Amino acid sequence: MIEIFDDFFPEKVREEIYRLLLRPQWSLTGGREGRRFWHIDGLQKEEYFSEYLFDLIKYKIRRRCRIKRIYANGQTAGQCGNPHYDDGDMTFLYYPNPEWKLEDQGHLIFLESDDEVSKIVTYKSNRGVLFPTTLKHYGDAPHRLFSGLRISLAYKLWN
């Protein structure tokens, strides 16, 4: 049910995604009250994300699907995501950070129930993760000594 794709994009594409997502457009609107993290909404309005990247994604994941929405989440040390279900049918997450060490943490956590972890997907540079929206999940916070931004680019998809 959870598909992991390493070395998803060519390095030049990964660099461009990261560069575009580092533009000063972040707002502290992700998550919920008391557990906020950084967010960029409305990326489906940008041709680079909605056409160019989406065509590459569909080819790599071998699925016919449509975009519901595209956005990015950013987490700094201590900004843990909230367990949730997604909208749409499938979610594709992409990790554009240029470098990431295991000890930086920030992994994707899937839950079997409200208090039981079923799977942990390690955050890794240039990794894509595809999963059904019926799986409860959240992005764990980066380690307290991590000084950067853990970025995930999210594509909410319809079959």
How would you rank 4-17, 75-88, highest first, on the average number of other Cβ atoms within 10 Å across their residues?
75-88, 4-17
When the C-alpha atoms of the range 24-97 are aligned to their principal axes, what extent does each axis show, in angstrom, from largest down?
38, 28, 21
Can you give the accessible area per residue of the range 56-159, in Å², using a 1.4 Å probe?
47 Å²
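When the solvent-accessible surface of protein heavy atoms is calculated with a 1.4 angstrom probe, in what order do E3, E112, E103 fall, highest first?
Of E3, E112, E103, the descending order of accessible area is E112, E103, E3.
Taking square-rooted eigenvalues a ≥ b ≥ c of the alpha carbon gyration tensor, is the chain rounded, prolate or oblate, where a/c under 1.5 means rounded and, failing that, a/b exceeding b/c means prolate?
It is rounded, given that a/c, with a ≥ b ≥ c, falls under 1.5.
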Note on the chain: contact order normalised by length, alpha-carbon pairs under 8 Å, 6 or more apart, percent, works out to 32 percent
Express the carbon and sulfur contribution to the solvent-accessible surface of the range 71-159 as a percent, rounded to the nearest whole number, probe 1.4 angstrom.
48 percent
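The values are calculated or read from the model by the stated rules, or taken from the named source; none is laboratory data. What you see is a predicted model, and the numbers here were worked out from it, not measured in a lab. FYI the Cβ positions are ideal-geometry reconstructions off the backbone, even for glycines, and counts take in every protein chain you see. With ligands, DNA and RNA removed, areas are computed over all heavy atoms of the protein, side chains included. Shrake-Rupley method; radii C 1.70, N 1.55, O 1.52, S 1.80 Å.
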